[in-house]
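Written below as structure tokens is the structure these notes are about.
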Amino acid sequence: MRQSIFKIIADLRFAITILLIIASASIIGTVIEQDQSIETYKLNYPLTNRVFGFLSWDIILKFGFDHVYTTWWFITFILLFGISLLTCTFLQQLPSLKIAKRCQFFRLTNQFRLLNISTKLQHLSLTKLLFRIKESQYSIFQQKDIAYCYKGLIGRIAPIIVHFSMILILLGAVFGSLNGFKAQEIVPKTETFHIQNVLSNGQLTKIPNVSARVNDFWITYTKQTTVSQFYSDISILNVDGSEIKRKTIFVNSPIKYEGVDYYQTDWNLIGLRAQTNDETPFQYPLVSVLNNRSKVWLTWIPFDSELKTGVTVLVDNLEGYASIYNDTGTFLGNFELNETFNSNFPITLTDIISSTGLQIKSDPGIPLIYAGFFLLMVSTLISYITYSQIWIIQYNRQVFVGGTTNRATFDFELEFFELIK
């Protein structure tokens, strides 16, 4: 009973079925946005207008389609697929490798009819033929007038390495989904922050108690005044607030510390500082407009306590200047940092307060996944090694010789004819 269960699990059809289920679930996880708020799903998948006639937000939440890759059923299918590969390896691949290592002598001449290529020699002795085969890097096993030769046995290991590499990849994916997390933080320049705004995490995730500081943030622009790159100077701090590690990060160049990666993903302007003629400092919040279609912020600077008169300040970059409009929307001019705008109420722009958007990720399964893909590449190279076999029987002063190979048949035929010529 137990053996029959293992045979079913090791069966190729079972593995393909599980793989198709995993692929289908992955498609669902790709089409449906993952780890979003309930309001997002209610907006995009309403009950009154179901997608494809059946898909709505309640079904998405019920079956975990909002976090497919961390659901119990997806992880179960991953584990089943891994068990199937492991069972196949021990029940089929390893036994076939043991068989390939055995000496498989031919004892009857009519067995050569089963081979891809065979012939009968009268001009070449068994000793001379074996000498040529030995020079071609074959391993030779001989019993009196019969011989068995092979080379490229390592090529038979490739399927086993493929299975183990896929198991490593699957283990890495499961381990990462159970222990990893992803967070998003918007941090003003010079501020210290902790990991708080966690977007997604696994069932076994432990959020590290580590703090970091944004020392500085700046943007470089092209000649066309479009954003070229934005940078954040980040320091990792210990529990005493002392700096452990420091790096200037930008897009696709994170700072890494104890398995946690801090990526530069976004930026924002949150306020500006100004002072009046009597050097009284004020700070005004900036509001983003145009629904994030363009980076434009504005604020209102009042001239009186009743907030009835004043100017609108518009900022669309971090190059250190702003545009001013009066309360009727008339453009009054531009002014730069530390420049005083002369009007009925003189003001000096002292600073534009920026914040940086950081994505903080941890995926402890990545080393396993990388190791799995490395082994997969190794197995691909090994699979190009041809496994060739040659059988020889000397009978009545005639030498019967034949051979077969698992790939590169034409090259093997050329080698075979070179050996017997």
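The values are calculated or read from the model by the stated rules, or taken from the named source; none is laboratory data. These numbers were taken from a predicted model, which means no experiment stands behind them. Heads up, the Cβs are rebuilt from the backbone with ideal geometry, glycines too, and the neighbour counts pull from every protein chain shown. Surface accessibility is based on the protein's heavy atoms, side chains included, excluding ligands, DNA and RNA. Shrake-Rupley method; radii C 1.70, N 1.55, O 1.52, S 1.80 Å.
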What does the helix-only formula give at 222 nm for the chain: each DSSP H stretch with n ≥ 4 adding -39500 (n - 2.57), the total divided by the residues, and the result rounded to the nearest 500 deg cm²/dmol?
-10000 deg cm²/dmol
Give me the distance in nm between label points sitting 7 Å out from Cα along the Cα-to-Cβ direction at V239 and I59, one decimal.
5.1 nm
Largest first, what is the accessible-area ranking of E418, E39 with a 1.4 Å probe?
E39, E418
Of 388-397, 161-170, ordering from highest average Cβ density within 10 Å down gives 161-170, 388-397
Could you compute the net charge surrounding K128? Neighbours are other residues with a C-beta less than 13 Å from the C-beta of K128; K and R count +1, D and E count -1.
+2
Which peptide among 238-251, 139-152 comes first, and what is the full order, when sorted by highest mean count of other Cβ atoms within 10 Å?
139-152, 238-251
Probe 1.4 Å, all chains present, heavy atoms only: Y387 accessible area in Å², nearest 10, is 10 Å²
Once amide hydrogens are built 1.01 Å from N within the peptide plane, the residues lying 5 or more places from R407 or on another chain with amide H under 5 Å from its amide H are Y387
Could you order T312, T225, T48 by accessible surface area, starting with the largest, using a probe radius of 1.4 Å?
T48, T225, T312
Of the listed values [x] 72, 26, 19; [y] 53, 35, 18; [z] 38, 25, 20, identify the label whose number matches semi-axes √(5λ) of the Cα gyration tensor in Å calculated from this model.
[x]
Among L43, L86, what's the order by accessible area (1.4 angstrom probe), most exposed first?
L43, L86
Taking Cα atoms only, helix 409-420 is inclined relative to the longest principal axis of the chain by an angle, in degrees rounded to 10, of 40 degrees
Between helix 72-88 and the chain: long-axis angle, C-alpha atoms, 0 to 90°, nearest 10:
20 degrees
